[in-house]
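*Asks:* Handing you a structure now.
The values are calculated or read from the model by the stated rules, or taken from the named source; none is laboratory data. Please read these numbers as outputs of a predicted model, since none were measured by experiment. With ideal geometry, Cβ positions are generated from the backbone for all residues, glycine too; neighbour counts draw on all protein chains shown.
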């Protein structure tokens, strides 16, 4: 009864200030370009405005799960699925009526300047270059590798310097899960990225990574495929286990570092904050996320026909319904 009262008060607080702000979206820097394009079309069609912040997937979930009310976001984007601990946080703060929307797929590209020598890396190369502790001659040691050639003699003799996302990023989460986690377990070492200059945190700004790479042929970077797809005149993607990061290879499940993309809708804000339903309808329109939609031109890898269905906003779904 007390929880119901709290939720009712929160809903009234939203209703009382519904005209005070626009639709607010936070979350993933990878999803940011897609959501921004959808916002532009949404605003053109409805005359409504929306604000969007690139906070990272983790940062967005923290804001989204803080509660129900005008000071919390209406939608959060994520470049990996919501974590169980985030669902728990949401529930603890009364955010239970949430619709989970899977929007497409993305690859994580390991990029370098177009003027640098092309790289053909393996997942093992990446782990042995970037994990803080590795096994050398049967011994667990602080990572001694200074150059890519130290990791693999077939690679260039240039310093290991990789610019990538911070811990709040879904891209960082996905990279660690896909590339690092199993290899760390197999080696019997902790999963921990190096802090000796080999791995450089770039913040929640993947465009910054692209710009840095374009002026430094000795630097590599980690970002979503869309940032490679939109900047081929500046950067190139390394092959991973012999597979190039391309639209078709990601869509076919061949490229080894791939993940799904999502957004989450706070249904208790629907009908109170203007534009939530219209924005979701715009994003999940066939002309938006379909195989010929405008988001595909920005690098989104579309869902297949069975997965690509309009979301039901009438109640919680996905992990929030489990």
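*Asks:* Show me the helices (runs of 4 or more DSSP H) entirely contained within the range 2-70 in which 3 or more residues are at pLDDT 95 or above, out of contact with any strand residue (DSSP E or B) (no Cβ under 6 Å at 6 or more places or on another chain) and closer than 22 Å to residue 286 by Cα. Break it down into steps so the answer makes sense when it comes.
*Replies:* Details: elements: 2-16, 32-46, 57-64.
Here the list reads 32-46.
*Asks:* Then there's this: Looking at (1) over 16 Å from the mean Cα position of the chain (by Cα); (2) buried (at least 20 other Cβ atoms within 10 Å of the Cβ), can you tell me which one residue 259 breaks?
*Replies:* Only one criterion in (1) over 16 Å from the mean Cα position of the chain (by Cα); (2) buried (at least 20 other Cβ atoms within 10 Å of the Cβ) is unmet by residue 259, namely (1).
*Asks:* Can you name the residue in the range 84-121 that is touching a residue at least 60 places away in the same chain (Cβ under 8 Å) and out of contact with any strand residue (DSSP E or B) (no Cβ under 7 Å at 6 or more places or on another chain) and is also nearest to residue 277 (Cα to Cα) among such residues? Can you show your working first?
*Replies:* Initially, the range 84-121 is screened for residues touching a residue at least 60 places away in the same chain (Cβ under 8 Å), giving 84, 87, 90, 94-116, 118-121.
This time we only want the ones that are out of contact with any strand residue (DSSP E or B) (no Cβ under 7 Å at 6 or more places or on another chain), so: 84, 87, 94, 96-97, 115-116.
Details: 84: 26, 87: 22, 94: 21, 96: 18, 97: 15, 115: 45, 116: 46 Å.
Going through the qualifying residues, I end up with 97.
*Asks:* Considering 101, 82, 135, which residue is farther than 28 Å from residue 307 by Cα and at pLDDT 95 or above? Explain how you work it out, then say what you get.
*Replies:* Values: 101 fails: farther than 28 Å from residue 307 by Cα; 82 fails: farther than 28 Å from residue 307 by Cα.
Answer to the selection: 135.
*Asks:* Among 197, 203, 188, which is in contact (Cβ under 8 Å) with a residue 40 or more places away in the chain and either over 29 Å from residue 248 (Cβ atoms) or surrounded by 18 or more Cβ atoms within 10 Å (Cβ to Cβ) (or both)? Even if it seems obvious, please write down each step before you answer.
*Replies:* Numbers: 197 fails: in contact (Cβ under 8 Å) with a residue 40 or more places away in the chain; 203 fails: in contact (Cβ under 8 Å) with a residue 40 or more places away in the chain.
When all the criteria are applied, what remains is 188.
*Asks:* Identify the single condition in (1) assigned to a strand (DSSP E or B); (2) under 20 Å from the mean Cα position of the chain (by Cα); (3) buried (at least 16 other Cβ atoms within 10 Å of the Cβ) that residue 86 does not satisfy, given that it satisfies every other one.
*Replies:* Here residue 86 clears every test but (1).
*Asks:* Quick check on residue 304: is it free of Cβ contacts under 8 Å to residues at least 60 places away in the same chain, part of a helix (DSSP H, G or I) and out of contact with any helix residue (DSSP H, G or I) (no Cβ under 8 Å at 6 or more places or on another chain)? Explain how you work it out, then say what you get.
*Replies:* Working: free of Cβ contacts under 8 Å to residues at least 60 places away in the same chain: yes; part of a helix (DSSP H, G or I): no; out of contact with any helix residue (DSSP H, G or I) (no Cβ under 8 Å at 6 or more places or on another chain): yes.
In short, no.
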